[in-house]
Every structure is written in C-alpha cells, then in structure tokens.
Amino acid sequence: MKILSITAGAAGMYCGSCSRDNALAVELLARGHDVTLLPLYTPTNPDEANASRDQVLFGGISIYLQQRVPLFRRAPRFVDRLLDSPTVIRSLASRSISTDPRLLGDLTVSMLEGDRGVLRREFDKLLEWLADEPLPDVVNLPNSLLIGLARPLREALKRPITCTLQGEDLFLDGLVQPYREKAIDLIRRQVDEVDRFLPVSDYYVQAMSRLLRIAAERMTVVPLGINLSGYDARDPAAVVPFRVGYFARIAPEKGLDVLAQAYRLFRRRVSGAPIRLEAAGYLSPAHAPYLEEVRSELQKARLDGEFTYRGAVDRGGKLAFLRSLNLLSVPATYDEPKGVFLLEAMASGVPVVQPRRGAFTEIVEKTGGGLLVAPDDPAALADGLYALYSNHALARTLGDRGFRGVRAHYSVQRSADRLLEVYDTLVSRPAGAAVDRLAASR
C-alpha cells in the first residue's frame, strides 16, 4: 500500500505526536508498505531513526512571514526555497519558531482557511509537490488543526483522507479569543472532508465528539504504540536511593509543580530516608522561570538538594533515566489524551502514580501498571507515592504488570495492525459507498 502520512514538526523539541507518527512509519516500512512521511512547519526530531523526508512544506519561517508581511506572499520562489530549507529551519527553529498557541492564533486560523486564505501560496506548492510524487492509496493528516489540507488533497488525489486526533484540544484551549472560536468553527465546517478520524484513546472519542462535533461512529481508535526495542526490565531492588521520576515537557500543564508539592508531603512521612526527585524532558526558554519556581519551592522546604533536572535526553538517555527510577508520575492538570511517557516507564518495569483523568485511566487500568489517585490533589498523590515506597511487593507487582501490559496492548506493532485495518477498509470501499464497514463493526 502507498501511504502519504503528513506529520507536524515541533520546532526542534522531542515531540510525542511526531515521534508516534515516525514510529508507525518505520513499522509500516518494515512490513513492506510504501510510506512517505512528509514534515510540515519544521523537520521532525524523533528519538529514534527518522523516517521523514528531508524536506519541509509549509515551512514555519515562510508561513510566519507570509502571515505577518504580505510582501512575502508574492516573493520569488528562490526565496521560498531558501526559507524552506531544512538546514535554515533547524538553525532558527529553537529561537524563532514558537509553538505557543497564545502567539499563533491568526496563523492557526489561516492554516484552517486552507487554499482560500492568505496562505494559498503554500497550498499551491503542496499540489505542485504532489504532481511529482506517486499517487498514494490513502492520506493521513496528523491532527485536526491541519484539516484545511483535506479538501485540496481529496480533490487533487481522489483518495481517502484520514485524520489522527492526538492532543490538539490543549492547543485549541490555549488560543486567545477570537481565534479559538474561529479555529473550532473552521474545523467543524470541514469534518465532512475527512473519511475517518483516528483518535489515539477511547477517552478522546468522547472529548473530540463534544469539542469538534465529530460523530462517534466516524471515529476509530488507533491506540498509542511504542517501539519496544531497548526497553528492558530492571531490578527495582537495585535502584538506590529511592527515586521518584517525572518525564515530560517541563510546562505548567504537565504538573511538575504538583509533583513537587506531593514530594514535600511524601518527604515528611519518610524523614531521613535516602530519596530523590528526578525530572527529564524538553524545557522551552519560555518555561525556564516555571522550573525555577519549582526549584524555589523545594528550596523553601530544604529539599532542593534532592531534586535534579536531567534535561532533554536522547533515546539512550531516556532508557537509562527510566531504568533508574522506582516510580514515575506526571500529574497533568488537564485531561491528557495520550500519555506516551506512561507506556515508556511501564515498558521498563517502572510503576506509575497518575491522576484519574483523561487517557491515564484507561492506560493504567488496561495495563495494571500503576495507581490512580484524585486529580489536582497533592495529598492524594503523596499517598500514592508513599504506597509504592512502603510496599515493595506492591511496587514490584505493578511494575511487572505494566511491563507485560504495554507489550500486550501498546506496542507499535499493535498500533500498526489497527491502522492498516482502517486503511484496508477505506481503500477497498467502493467509491461513494454509503456503509462504512468499520463504523458498522464498532
């Protein structure tokens, strides 16, 4: 099968969504499928072998300039080639390309207006690129924020269009008005341009049905899946001192401050014991003050010497970091639809303590790899940390369950199996068929 899979770069950071897109592409390529993984905005930066084209369409620098400076909408094509060069984008991405929704409202709306908006030049460039490529059997968009591509792609290719749903509600909620309202309205108007929506969790089916008015029968869950290469079980008894871990972006919505509060409460119950709070993950310059606030609060409790931030680790560093933990907790303050960090921890045999919200609930319940506690409650989280600290048998049991559970339910192979079921049904469906066999089988 020939598959055109579009992915969205994230300005140089390790991005969960583009890492998932990349892992699926690698798996499908290994099975003999012809996959083109095409990055938009910036080159992607997965923590394993990059399967994407060394080419960027809708280059982040170019579309920003076209949005802000009308002159660039008529610039010579050699200017486009310069601005869209992956080398140029990489050199400027971390300093010049923001992923903060508070700053990107007008650009988000322009992308959703598609070839009828101020970025029509970029849509023309996409169609020119497609003219020189093999005709795909199916096209996948990485999220609903790029649904403006659906109609032009459908008209040009006459092929089924699918759209993954994997966390865009957080971005939409971060837009300031009137852009948030406009963006949601534009997505809703274009829902019918997509043949099948692919949320990454059961939780997200209902969430996106409410937010974007996508009928549940038009969605098929393609669960998260990770490449399990390198994830080995570790001996929890060998992890000394006891380490509470956090592995995610360093940002308020991911809840490092909540974990730090819980750690202070937990510390009072185990005074004098050798324990540590360890964090790793991407830190944007904009969130550096937030990390310093977390440090400051720990310092007030005289616990700053027990806290270490390990930075944005590569794959090898990630695997080593996870193996060094006794438990992991990322107490996000919103309803997270994914939770790849939970899968990565449990794949290493590390139990998790998570708020009962979003996709966390189904992941923990399906794998059996951790404890669920009340959300936004540092005291409840501290109780969970203490439960695993004080009961070694429970911690080992949960770690073993998670290790097996991820392999049973959340491998990239299982995710690819489900994705191919969707593609096979859409590709084999007669043109204009009224009955969608996937919907009928739900």
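The values are calculated or read from the model by the stated rules, or taken from the named source; none is laboratory data. None of these values were measured; they are calculated from a predicted model. Positions of Cβ are generated from backbone atoms using ideal geometry, with glycine treated the same way; all protein chains shown enter the neighbour counts.
Name, by its number, the condition in (1) touching a Gly at 6+ places or on another chain (Cβ under 7 Å); (2) assigned to a helix (DSSP H, G or I) that does not hold for residue 333.
That leaves (2) as the condition not met.
Can we say residue 230 is in contact (Cβ under 8 Å) with a residue 24 or more places away in the chain and within 18 Å of the chain's Cα centre (by Cα)? First the steps, then the outcome.
Values: in contact (Cβ under 8 Å) with a residue 24 or more places away in the chain: yes; within 18 Å of the chain's Cα centre (by Cα): no.
It is false that residue 230 is in contact (Cβ under 8 Å) with a residue 24 or more places away in the chain and within 18 Å of the chain's Cα centre (by Cα).
Does residue 366 fit the bill of being closer than 20 Å to residue 235 by Cα, in a helix (DSSP H, G or I) and in the same structural domain as residue 247 (by TED's automatic domain parsing)? Reasoning before the result, please.
Working: closer than 20 Å to residue 235 by Cα: no; in a helix (DSSP H, G or I): yes; in the same structural domain as residue 247 (by TED's automatic domain parsing): yes.
So residue 366 fails the test.
Test residue 376 against the criterion of being surrounded by fewer than 22 Cβ atoms within 10 Å (Cβ to Cβ) and over 18 Å from the mean Cα position of the chain (by Cα), and give yes or no.
On the way: surrounded by fewer than 22 Cβ atoms within 10 Å (Cβ to Cβ): yes; over 18 Å from the mean Cα position of the chain (by Cα): yes.
The answer is yes for residue 376.
Residues to consider are 323, 315, 276, 269; find the one that is in the same structural domain as residue 367 (by TED's automatic domain parsing), closer than 30 Å to residue 199 by Cβ and among the basic types (Lys, Arg). Spell out how you get there, then give the answer.
Details: 323 fails: closer than 30 Å to residue 199 by Cβ; 276 fails: closer than 30 Å to residue 199 by Cβ; 269 fails: closer than 30 Å to residue 199 by Cβ.
Going through 323, 315, 276, 269 in turn, just one is in the same structural domain as residue 367 (by TED's automatic domain parsing), closer than 30 Å to residue 199 by Cβ and among the basic types (Lys, Arg): 315.
Given the options 312, 260, 279, name the one that is part of a strand (DSSP E or B) and touching a strand residue (DSSP E or B) at 6+ places or on another chain (Cβ under 8 Å). Outline the logic, then answer.
Values: 312 fails: part of a strand (DSSP E or B); 260 fails: part of a strand (DSSP E or B).
Within the list 312, 260, 279, the selection yields 279.
I want to confirm something. Restricting to the stretch 409-431 and keeping residues that are of a type in the set (Ser, Thr, Tyr) and crowded, with 18+ Cβ neighbours inside 10 Å, which single residue is farthest from the chain's Cα centre (by Cα)?
Only one residue fits best here, namely 425.
Just checking, how many residues over the stretch 282-309 are assigned to a loop (DSSP other than H, G, I, E, B) and hydrophobic (A, V, I, L, M, F, W, C)?
Initial filter on the stretch 282-309 (assigned to a loop (DSSP other than H, G, I, E, B)): 282-284, 301-303.
In the following step, the residues that additionally are hydrophobic (A, V, I, L, M, F, W, C) were identified as 283, 301, 303.
Number of matching residues: 3.
Of all residues in the stretch 321-339, count the ones that are among the hydroxyl-bearing types (Ser, Thr, Tyr) and surrounded by 24 or more Cβ atoms within 10 Å (Cβ to Cβ).
Taking the stretch 321-339 first, the residues among the hydroxyl-bearing types (Ser, Thr, Tyr) are 324, 329, 333-334.
Narrowing further to those that are surrounded by 24 or more Cβ atoms within 10 Å (Cβ to Cβ): 329.
Selection size over the stretch 321-339: 1.
Of the residues in the stretch 117-133, how many are surrounded by 12 or more Cβ atoms within 10 Å (Cβ to Cβ) and either farther than 16 Å from residue 55 by Cα or acidic (Asp, Glu) (or both)?
8
Among the residues of the stretch 42-64, is there at least one that is closer than 18 Å to residue 141 by Cβ, in a strand (DSSP E or B), touching a residue at least 60 places away in the same chain (Cβ under 8 Å) and outside the structural domain of residue 336 (by TED's automatic domain parsing)?
Within the stretch 42-64 (the criterion being closer than 18 Å to residue 141 by Cβ, in a strand (DSSP E or B), touching a residue at least 60 places away in the same chain (Cβ under 8 Å) and outside the structural domain of residue 336 (by TED's automatic domain parsing)), the answer is yes, since at least one residue qualifies.
Look through 94, 17 and report the one residue that is assigned to a helix (DSSP H, G or I) and modelled with pLDDT of 80 or more.
Numbers: 94 fails: modelled with pLDDT of 80 or more.
Unique residue meeting the criteria: 17.
Would you check which residues across the stretch 282-341 are within 30 Å of residue 206 (Cβ to Cβ), hydroxyl-bearing (Ser, Thr, Tyr) and out of contact with any Leu (no Cβ under 9 Å at 6 or more places or on another chain) and list them?
Matches in the stretch 282-341: 282, 333.
For residue 382, all conditions in the list (1) buried (at least 20 other Cβ atoms within 10 Å of the Cβ); (2) touching a strand residue (DSSP E or B) at 6+ places or on another chain (Cβ under 8 Å); (3) in contact (Cβ under 8 Å) with a residue 60 or more places away in the chain; (4) not polar (S, T, N, Q) hold save one; what is the number of the exception?
Every listed condition holds for residue 382 apart from (2).
Which of the residues that make up the stretch 206-229 are buried (at least 19 other Cβ atoms within 10 Å of the Cβ) and over 19 Å from residue 414 (Cα atoms)?
208, 212, 214
Among all residue pairs at least 6 apart or on different chains, which show Cβ distances below 6 Å where the first residue, located in the stretch 154-178, is more than 13 Å from residue 142 (Cα to Cα) and the second is of a type in the set (Asp, Glu) and surrounded by 19 or more Cβ atoms within 10 Å (Cβ to Cβ)?
Going by the 6 Å Cβ cut-off, the qualifying pairs are 160/195.
Give me the residue from the stretch 230-259 that is in contact with a Gly (Cβ under 8 Å, 6 or more places away or on another chain) and within 22 Å of residue 273 (Cβ to Cβ) and, out of that set, surrounded by the fewest Cβ atoms within 10 Å (Cβ to Cβ).
Checked the stretch 230-259; the qualifying residue surrounded by the fewest Cβ atoms within 10 Å (Cβ to Cβ) is 234.
If I filter the stretch 340-356 down to residues being farther than 14 Å from residue 249 by Cα and under 17 Å from the mean Cα position of the chain (by Cα), which single residue comes out as surrounded by the most Cβ atoms within 10 Å (Cβ to Cβ)? Break it down stepwise before answering.
Taking the stretch 340-356 and keeping what is farther than 14 Å from residue 249 by Cα, we get 343-356.
Next cut, under 17 Å from the mean Cα position of the chain (by Cα) only: 343-345.
Working: 343: 26, 344: 22, 345: 29.
The extreme case among them is 345.
Pick from 241, 274, 252, 289: which is more than 30 Å from residue 417 (Cα to Cα) and without any contact (Cβ under 8 Å) to a residue 24 or more places away in the chain?
Result: 289 is the single residue among 241, 274, 252, 289 that is more than 30 Å from residue 417 (Cα to Cα) and without any contact (Cβ under 8 Å) to a residue 24 or more places away in the chain.
With a cut-off of at least 2 residues that are polar (S, T, N, Q), name the helices (runs of 4 or more DSSP H) lying wholly within the stretch 120-221.
202-212
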